[in-house]
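J.: I am attaching a structure below and will ask some questions about it afterwards.
The values are calculated or read from the model by the stated rules, or taken from the named source; none is laboratory data. Quantities reported herein were computed from a predicted structural model and do not represent experimental measurements. Virtual Cβ from ideal backbone geometry, glycine too; neighbours counted across all protein chains shown.
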Amino acid sequence: MNKWLELFMGLFLLVVLILVSWASATYSWTIFGYDFNLLHAGWLLFKGGLFWFVLMVSLLLILLGINDMRD
């Protein structure tokens, strides 16, 4: 695939994702009585990923510290 086509398709999908998540948060989409807020779901995923990233970095630092004490 052409590198420029891949770049523009990725940017297009990113812009569409941002617009759909904004619209779902702004206009209160509901399906069968359930709130369909993609922006909230994305924020929860980001917070969970940030939590796991910090946890893994802290475990890595602890393991490196234990390894350095052994030497």
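J.: Can you find a residue that is in contact with a Phe, Trp or Tyr (Cβ under 7 Å, 6 or more places away or on another chain), of a type outside the set (S, T, N, Q) and in a helix (DSSP H, G or I) anywhere in the range 9-16?
T.: Quick first cut of the range 9-16, residues in contact with a Phe, Trp or Tyr (Cβ under 7 Å, 6 or more places away or on another chain) only: none.
No: zero hits.
J.: Of 2, 37, 67, which residue is in contact with a helix residue (DSSP H, G or I) (Cβ under 7 Å, 6 or more places away or on another chain) and without any contact (Cβ under 8 Å) to a residue 40 or more places away in the chain?
T.: On the way: 2 fails: in contact with a helix residue (DSSP H, G or I) (Cβ under 7 Å, 6 or more places away or on another chain); 67 fails: in contact with a helix residue (DSSP H, G or I) (Cβ under 7 Å, 6 or more places away or on another chain).
The match here is 37.
J.: Under 9 Å between Cβ atoms, at least 6 apart or on separate chains: pull out the pairs that start in the range 19-31 with a residue that is over 12 Å from residue 42 (Cα atoms) and end on any residue that is in a helix (DSSP H, G or I).
T.: Close Cβ pairs satisfying both conditions: 23/38; 26/39; 29/23; 29/38.
J.: Let me ask something else. For the range 31-43, what are the residues that are closer than 23 Å to residue 16 by Cα and loosely packed, with under 10 Cβ neighbours inside 10 Å?
T.: We begin by selecting, within the range 31-43, every residue closer than 23 Å to residue 16 by Cα; these are 31, 34-43.
Listed by number, the residues that qualify are 31, 34.
J.: Name the single residue, out of those in the range 1-26 being surrounded by 10 or more Cβ atoms within 10 Å (Cβ to Cβ) and aromatic (Phe, Trp, Tyr), that is nearest to the chain's Cα centre (by Cα).
T.: Quick first cut of the range 1-26, residues surrounded by 10 or more Cβ atoms within 10 Å (Cβ to Cβ) only: 6-26.
Retained after the next criterion (residues that are aromatic (Phe, Trp, Tyr)): 8, 12, 22.
Values: 8: 21, 12: 18, 22: 15 Å.
Filtering the range 1-26 for residues that are surrounded by 10 or more Cβ atoms within 10 Å (Cβ to Cβ) and aromatic (Phe, Trp, Tyr), the one nearest to the chain's Cα centre (by Cα) comes out as 22.
J.: Could you please give the count of residues in the range 37-62 that are at pLDDT below 90 and assigned to a helix (DSSP H, G or I)?
T.: Of the residues in that region, 6 qualify.
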